[in-house]
Structure formats: C-alpha cells, structure tokens
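Asker: Quick one: this structure, given as structure tokens, is what I'll be asking you about.
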Amino acid sequence: MEKIAHKLRKSVEAAERKRKGQIPLTHHEKEDIEKFAALNYAKENGLNRPPHIEVIIKQDFIEKATQASPKEIADFMISLGFEKINDTSFTNGEYTVSDLFPRNVLKDENDIIYVVDNIVAKNE
C-alpha cells in the first residue's frame with residue numbers, strides 16, 4: 001500500500017507543480033489526483049467505517065492493465081479488512097467476496113488494483 005501511495009504522491013506532486021504554473025493537467029494526472037485523494041481517504045477512514053458495496057454498471061478502460069498476482073490480490077483484500085478463505089475468496093464476517101482470480105483483478109502501471117469481475121455475497 002505504501003509503494004502505491006508513494007508512486008501516486010510523486011505523480012500528484014508533479015501535477016500540482018504544473019497546476020501552479022497554469023499548465024493544463026493531462027487526463028492521467030487528473031486521475032492520479034483523484035486516486036491519491038481516494039487512497040488517503042481510505043487510509044484515514046477505512047478502518048472506522050463499514051465496507052461500502054455498490055453496483056458498477058459502467059467501468060472506464062484501464063490503460064496498460066496487467067493481471068494482479070494472487071499475492072497482490074490477497075494483500076489488497078487484507079488491506080481492506082478481509083480475511084483469506086482460499087486463493088480466490090475473502091470475508092470480513094459480513095460479506096464474502098469471491099471469484100478473485102487474476103483475470104478478474106487488474107492493476108495499472110501505478111500498481112493501483114481494480115477488481116473488475118467478482119461475486120459479493122452477504123453472509124447469513
């Protein structure tokens with residue numbers, strides 16, 4: 001998580017320098033600023049709030065995406081407060097997230113993880 005934050009921080013710092021010089025930001029720089037804000041929010045508030053589940057009906061194309069490794073997937077889910085059930089399923093007690101095969105979890109060139117196809121079930 002810190003490696004991701006460091007890469008985003010560097011990108012955001014460069015974008016802020018451009019912004020101060022009134023040079024227009026690229027689409028990717030704007031995205032990095034948004035991701036960095038979301039990452040900081042998650043780090044500061046993630047442990048103090050219940051998980052947020054929402055249905056995504058449209059998703060942006062992820063440039064230069066590669067499949068996340070099983071270890072990267074596990075590290076990501078554990079960072080969100082989930083425990084590993086098996087290689088492709090995790091639970092936080094209230095929800096179980098499964099079908100987390102590498103083909104369903106991508107990462108971009110900044111190592112940001114995107115879960116693009118999974119199964120979420122409320123535990124009974």
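The values are calculated or read from the model by the stated rules, or taken from the named source; none is laboratory data. These figures come from a predicted structure and were not determined experimentally. Backbone-built Cβ (ideal geometry, glycine too); neighbour counts: all protein chains shown.
Asker: If you take the residues of the range 76-95 that are of a type in the set (D, E, K, R) and touching a residue at least 12 places away in the same chain (Cβ under 8 Å), which of them is nearest to VAL116 (Cα to Cα)?
Answerer: If we filter the range 76-95 for residues that are of a type in the set (D, E, K, R), which is where we start, we get 83-84, 87, 94.
Filter again for touching a residue at least 12 places away in the same chain (Cβ under 8 Å), leaving 87, 94.
Numbers: ASP87: 17, GLU94: 21 Å.
Among those residues, the one meeting the criterion is ASP87.
Asker: Just give me the residues in the range 95-124 being in a loop (DSSP other than H, G, I, E, B) and either under 25 Å from ASP60 (Cα atoms) or touching a strand residue (DSSP E or B) at 6+ places or on another chain (Cβ under 7 Å) (or both), in sequence order.
Answerer: If we filter the range 95-124 for residues that are in a loop (DSSP other than H, G, I, E, B), which is where we start, we get 99-101, 108-112, 116-118, 123-124.
Selection gives ASP99, LEU100, PHE101, ASP108, GLU109, ASN110, ASP111, ILE112, VAL116, ASP117, ASN118, ASN123.
Asker: If a residue must be among the polar types (S, T, N, Q) and at pLDDT below 90, how many such residues does the range 101-119 contain? Talk me through it step by step, then tell me what you get.
Answerer: Initially, the range 101-119 is screened for residues among the polar types (S, T, N, Q), giving 104, 110, 118.
From what is left, the residues that are at pLDDT below 90 are 110, 118.
Total meeting the criteria: 2.
Asker: Further, regarding this structure: Only one residue in LYS84, LYS58 is closer than 27 Å to HIS27 by Cβ and either in contact with a helix residue (DSSP H, G or I) (Cβ under 8 Å, 6 or more places away or on another chain) or at pLDDT below 95 (or both). Which one?
Answerer: From the options LYS84, LYS58, the qualifying one is LYS58.
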